[in-house]
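First the structure, in the form of structure tokens, and then the observations on it.
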Amino acid sequence: MRSARLSERPTPDDHETDSMPISDWFKAREQRNYTTPTEAATTSDLPDGVWVRCEGCKRTLYMGDLERELMVCPTCGRHHDLSAPERLAMLLDEGSFEEVDAHLRSVDPLQFTSGKVYSEQVAAAVQRTGLGEAIVTGRATIGGHRAIVGVMDFRFIGASMGSVVGEKVTRAFELALAERTPLVLVTASGGARMQEGMLSLMQMAKTAAAATRLAAAGVPYIVVLTNPTMGGVTASFATLGDVLIAEPGALIGFAGPRLVEQTIRKSLPKGFQSSEFLLEHGMIDMVVDRRELKDRVALLLSYLTAGDE
Amino acid sequence: MEFERPLDELEDKLASLKHLDVSEQPDLAAEIAGLEAEIARLHETLYAELTPWERVQIARHPERPKTDDYLQALFTDVVEVHGDRLFGDDESVFAGFATLQGRKVAVLGHRKGKNTTENVRRNFGSPHPEGFRKAERLMHLADRFGMPIVSFLDTAGAYPGLDDEDRGQALAIADCLAALSSVRVPVVVVGIGEGGSGGALAIGFGDRLIMLENAYYSVISPEMCATILHKDARRASETSACLQLTADDLVRLGLADAVVAEPRGGAHRDPEMVFDGVRTALSAALESLSAVDRATLPDTRYERLRRIGEVAGG
Ligand SMILES: [Zn+2]
């Protein structure tokens, strides 16, 4: 198993043929899009330290200010999407991350060719994001508490769950169980990865089964649901946590809002499938501002491990 | 069904010819014989190599035998249980106890109706959260009282409604997956028609998976897949081939253990033949699992799930 640390600065020699050190992922951030789709083409070419437009209030913000606020708009509170490396950096104690299963890569078991060629789509996502797949897992500490962590990255084919995501999530559960260390998963996903067909659907059962075994062993499991968490991920491991946290304004649900709209032939109520909506309906435990998330997770870890002392 | 249209046309023509008086038209007998030969030939070719999309259509045929038909044909002393103890009773899911050749089992099944009235009550077999929670309740009962679970899959998917989201559709499915993975009784799943995504999976995995020849099981409906990839649901024929959703595909992928043959044209052409096949396959599966120590079943089931998926660099 290869491990990497957030604090390490890479030298060119550190590059491996199939992956980039975690610290290098930050270099990929200029490819991210903080703007409305129509403006993406112009602003995404620019380096950091530029003015960007908030998707929530449409105000123009200085990138440096936005980053200081962990990509939460200081004006309207909009929580902008984070890449997996950014999420790891904000949630974990600096230098504590040790990645596991970094080498797992997707194959194209069905030779899926309708639309884009799946194998090419995966290769492009690896190239674009610098990630091996749509989730990064490993060991870390959060506010001094040991944890197994997993963070999904929506940029990687909508963080859909295929064989590799399912396998890495399952191994994270198994690692947490073997080391009797709490598991913290930060989810974002469009659902199952249809290009892997039934192998992808079955990852729901596999991850749910792994979650159930961890629960039976009495090891805590905390989920942070972020924007968006939908479909087969919500309907499996993502909602089987002991404590379910959501970031403000995240879209969380089973069926996509457009499908629901088509089904009921009415427009959807405001805030439908938002974190706040789920809280109101008793589906999650709390909605936590990203700037307080690390402290809250650390506090919860201290409670859920209180019985061990 | 769409692909049967040429056959339907010939059969209609034959029926209308047969109404005519042969004694007045000497050519008619020859014409009828010719038509009959052509129909027989078409029967051979039409069903010889069914495409995945044709099988999906057969799986959705309104006259196809449904969970209720299997309950009636295979089981005795059926007792249905109702309700999720939280909100309501979802008629799109059957839950209850039944006896199969002397063996007492817990039965789950998606429940399509045989007419419009029934289908409206049963939401065309697409469960609400209450249906999954009722199923979960039965799983726990089966676990506590040592009854094997037999589950019949026949749903287009979990219902994507507004109220369903309000009441936690995703959580209800996830809870079923958790329960099904941990029950200490044998779980045998039979795909009898449609196996639509998470709504099927919620009661659709276990220690054995038996598939009817023309049943399908898929991560997404071929139409939805075509809509996402091509913005055109009419390309479902293409996507249903790519998704590898047929019974044979599932065997090849290592997900299904047995395939029950159907009569030419689909199960609705000869339900008795299919009932016999399912009875045999089901009994064999339950028999082979009855010898296993119940306490070891969750671990064995987990190992079975654990092997699913293809990855590189492991
Ligand atoms: Zn804003």
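Looking only at residues in the stretch A:273-302 that are among the charged types (D, E, K, R) and touching a residue at least 40 places away in the same chain (Cβ under 8 Å), which one is most open to solvent (accessible area, probe 1.4 Å)?
Within the stretch A:273-302, the first condition is being among the charged types (D, E, K, R), and the residues that meet it are A:276, A:280, A:285, A:289-292, A:294-296.
Okay, now just the ones that are also touching a residue at least 40 places away in the same chain (Cβ under 8 Å), so A:285, A:289-291, A:294-296.
Values: A:Asp285: 86, A:Asp289: 38, A:Arg290: 5, A:Arg291: 100, A:Lys294: 59, A:Asp295: 116, A:Arg296: 85 Å².
For the stretch A:273-302, the residue satisfying everything is A:Asp295.
Within the stretch A:143-154, is even one residue part of a loop (DSSP other than H, G, I, E, B), assigned by TED's automatic domain parsing to the domain that holds A:Leu225 and aliphatic (A, V, I, L, M)?
no
Tell me which residues, restricted to the stretch B:3-52, are more than 27 Å from the chain's Cα centre (by Cα), without any contact (Cβ under 8 Å) to a residue 12 or more places away in the chain and part of a helix (DSSP H, G or I).
The answer is B:Glu9, B:Asp12, B:Ala15, B:Ser16, B:Leu28, B:Ala29, B:Ala30, B:Ala33, B:Gly34, B:Ala37, B:Ala40, B:Arg41.
Just to confirm my filter: which helices (runs of 4 or more DSSP H) fall fully inside the stretch B:206-256 and include at least 2 residues that are more than 11 Å from every other protein chain (Cβ to nearest Cβ)?
B:247-252
Only one of these conditions is not met by A:Lys270: (1) away from chain B (no Cβ under 11 Å); (2) open to solvent by 10 Å² or more (accessible area, probe 1.4 Å); (3) modelled with pLDDT of 95 or more. Which number is it?
(3)
For (1) open to solvent by less than 10 Å² (accessible area, probe 1.4 Å); (2) within 12 Å of chain B (Cβ to nearest Cβ), each residue gets a yes or a no:
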site	(1), (2)
A:Glu98	no, no
A:Gln121	no, yes
A:Ile142	yes, no
A:Ala159	yes, no
A:Ala172	yes, no
A:Leu183	yes, no
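What tally of residues in the stretch B:174-202 results from selecting those that are under 16 Å from B:His140 (Cβ atoms) and at the interface with chain A (Cβ under 7 Å from one of its Cβ atoms)?
5
Within the stretch B:277-314, count every residue that is in contact with a strand residue (DSSP E or B) (Cβ under 9 Å, 6 or more places away or on another chain) and assigned to a helix (DSSP H, G or I).
The total comes to 16.
Among the listed residues A:Gly232, A:Gly249, A:Gly253, which satisfies the condition of being over 12 Å from the mean Cα position of the chain (by Cα) and more than 7 Å from chain B (Cβ to nearest Cβ)?
None of the other options fit; the residue is A:Gly249.
For the stretch A:123-140, name all the residues that are open to solvent by 40 Å² or more (accessible area, probe 1.4 Å) and closer than 24 Å to B:Ile308 by Cβ.
Listed by number, the list holds a single entry, A:Ala123.
Among the residues of the stretch B:128-140, is there at least one that is under 18 Å from the mean Cα position of the chain (by Cα), touching a residue at least 60 places away in the same chain (Cβ under 8 Å) and crowded, with 21+ Cβ neighbours inside 10 Å?
yes
So which residues in the stretch A:242-289 are more than 19 Å from B:Gly161 (Cα to Cα) and part of a loop (DSSP other than H, G, I, E, B)?
Correct list: A:Asp242, A:Glu247, A:Pro248, A:Gly249, A:Ala250, A:Ile284, A:Asp285, A:Val288, A:Asp289.
Being open to solvent by less than 10 Å² (accessible area, probe 1.4 Å) and free of Cβ contacts under 8 Å to residues at least 24 places away in the same chain is the filter here; which residues of the stretch B:190-238 pass it?
B:Cys225, B:Ala226 - these are the residues of the stretch B:190-238 that are open to solvent by less than 10 Å² (accessible area, probe 1.4 Å) and free of Cβ contacts under 8 Å to residues at least 24 places away in the same chain.
Could you grab me the full set of residues in the stretch B:141-162 that are at the interface with chain A (Cβ under 9 Å from one of its Cβ atoms) and open to solvent by 20 Å² or more (accessible area, probe 1.4 Å)?
B:Tyr159, B:Pro160, B:Leu162
What strands (runs of 3 or more DSSP E) completely inside the stretch A:48-116 contain at least 2 residues that are under 23 Å from A:Val184 (Cβ atoms) and more than 14 Å from the ligand (Cβ to nearest atom)?
Counting at least 2 such residues, we get A:98-100.
For the stretch A:214-240, which positions are in a loop (DSSP other than H, G, I, E, B) and either charged (D, E, K, R) or open to solvent by 20 Å² or more (accessible area, probe 1.4 Å) (or both)?
A:Ala217, A:Gly218, A:Leu240, listed by residue number.
Is at least one residue of the stretch A:123-130 within 14 Å of chain B (Cβ to nearest Cβ), more than 16 Å from the ligand (Cβ to nearest atom) and within 19 Å of the chain's Cα centre (by Cα)?
Yes.
The values are calculated or read from the model by the stated rules, or taken from the named source; none is laboratory data. Treat the numbers as computed from the prediction; the structure is a model and nothing was measured. Glycine gets a Cβ as well: all are built from the backbone with ideal geometry, and neighbour counts include every protein chain shown. The area values use the complete protein model at the heavy-atom level, side chains included, leaving out ligands, DNA and RNA. Shrake-Rupley method; radii C 1.70, N 1.55, O 1.52, S 1.80 Å.
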